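Quick one: the structure is below, questions incoming.
The values are calculated or read from the model by the stated rules, or taken from the named source; none is laboratory data. Just so we're clear, the structure is a prediction, and the values are computed from it rather than from any experiment. For neighbour counting, all protein chains shown are included, and Cβ atoms are generated from backbone atoms with ideal geometry for every residue, glycine included.
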Amino acid sequence: MSVAVPEEWLADLERRHLAELSFPEVRKGLQALSSLYVERRGRIGTGAAFDGAGKRAAFALFFGPLHFLVVREIVDALGAAAAPLSRILDLGCGTGPAGSAWALAAGGSPEVSGVERSGWATQEARETFRALGLRGRAAAGELLRERLPGSGAGIVLGWAVNELPDGAREELLPRLLEAARRGARVLVVEPIASRPVPWWAGWAKAIAEAGGRDDLWRFPSSLPPVLALLDKAAGLDHRILTARSLWLPGAG
């Protein structure tokens, strides 16, 4: 893997999330989160990922850096930060890793705007931007109500589209296509699912017809020590990081 988790951010995450919880408590939260993602994914949109201190800590300390690594690798592989970016809009930002990864790949100059339903995750995203030295803001809200930017901007949805209700997802796609026609770069990242994801094929077709691409990714990882310990303790195996993405480079 050619990128690493910024040390200052990881140290800040460890300091804050291991201050009042023991390692076994965070490990237990990570196991519960993993079960939720694999076996009970339909509950994620209800906020179940954030309904306990252990799960919140595991989400921030483990999945945040993991998602950062994946998005940074994808952005680098696509050349998504090759042209100047003034702003990155992170829809369904969670704790802010996707927008942050793209902004740092672009030299740290773009402003990152995060939109997230969870108040806890919104505050955590602000902490992420601060620890990484980014110009960023995060607001609690519904991503479908956000005005989408055009030329000079990036729009990222990391692990967010699959959590939307079908109607919201159908409304979002044409808005993203229109933003790309106005010059915005659009990146959608999701896990490689073991179960069928009916909406993906339709989105991939629409993205391809608009000049974009659909990719599957596998990256060998070198996890930081705290992530490697949690990974092993929870019975997980992230020696290879996987994801799939949809990418629209934007018109012009």
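Regarding Ile192, is this residue at pLDDT below 95, outside any helix (DSSP H, G or I) and on the phi < 0 side of the Ramachandran plot?
Against the criterion (at pLDDT below 95, outside any helix (DSSP H, G or I) and on the phi < 0 side of the Ramachandran plot), Ile192 qualifies.
Right, something else. From the list Arg175, Arg147, pick out the single residue that is touching a residue at least 24 places away in the same chain (Cβ under 8 Å), among the charged types (D, E, K, R) and either closer than 28 Å to Gly202 by Cβ or touching a Pro at 6+ places or on another chain (Cβ under 8 Å) (or both).
It is Arg175.
Then there is this: If you go through the stretch 173-188 one residue at a time, do you hit one that is surrounded by fewer than 20 Cβ atoms within 10 Å (Cβ to Cβ), closer than 28 Å to Arg87 by Cα and either among the hydrophobic types (A, V, I, L, M, F, W, C) or within 19 Å of the chain's Cα centre (by Cα) (or both)?
yes
Do any residues in the stretch 195-214 that are within 16 Å of Leu164 (Cβ to Cβ) have Cβ atoms under 6 Å from those of residues that are at pLDDT 95 or above and among the basic types (Lys, Arg), where the two are at least six apart or on different chains, and which pairs are they?
Trp199/Arg169
Next up: Regarding Gly152, is this residue under 27 Å from Leu36 (Cβ atoms) and of a type in the set (Gly, Ala, Ser)?
For Gly152, the condition - under 27 Å from Leu36 (Cβ atoms) and of a type in the set (Gly, Ala, Ser) - is not met.
Could you check how many residues of the stretch 81-103 are among the hydrophobic types (A, V, I, L, M, F, W, C) and surrounded by fewer than 23 Cβ atoms within 10 Å (Cβ to Cβ)?
Of the residues in that region, 4 qualify.
What are the residues in the stretch 150-172 that are surrounded by fewer than 19 Cβ atoms within 10 Å (Cβ to Cβ) and over 23 Å from Gly202 (Cβ atoms), if any?
Within the stretch 150-172, Gly150, Ser151, Gly152 qualify.
Shifting gears a bit: Restricting to the stretch 209-222, what's the tally of residues that are surrounded by 12 or more Cβ atoms within 10 Å (Cβ to Cβ), out of contact with any Phe, Trp or Tyr (no Cβ under 9 Å at 6 or more places or on another chain), at pLDDT 95 or above and not in a strand (DSSP E or B)?
2
Got at least one residue in the stretch 33-41 being of a type in the set (Phe, Trp, Tyr), at pLDDT 95 or above and part of a helix (DSSP H, G or I)?
no
Please state which one of Ala201, Ala234 is over 20 Å from the mean Cα position of the chain (by Cα) and buried (at least 18 other Cβ atoms within 10 Å of the Cβ).
Step by step, each of Ala201, Ala234 is checked, and only Ala234 is over 20 Å from the mean Cα position of the chain (by Cα) and buried (at least 18 other Cβ atoms within 10 Å of the Cβ).
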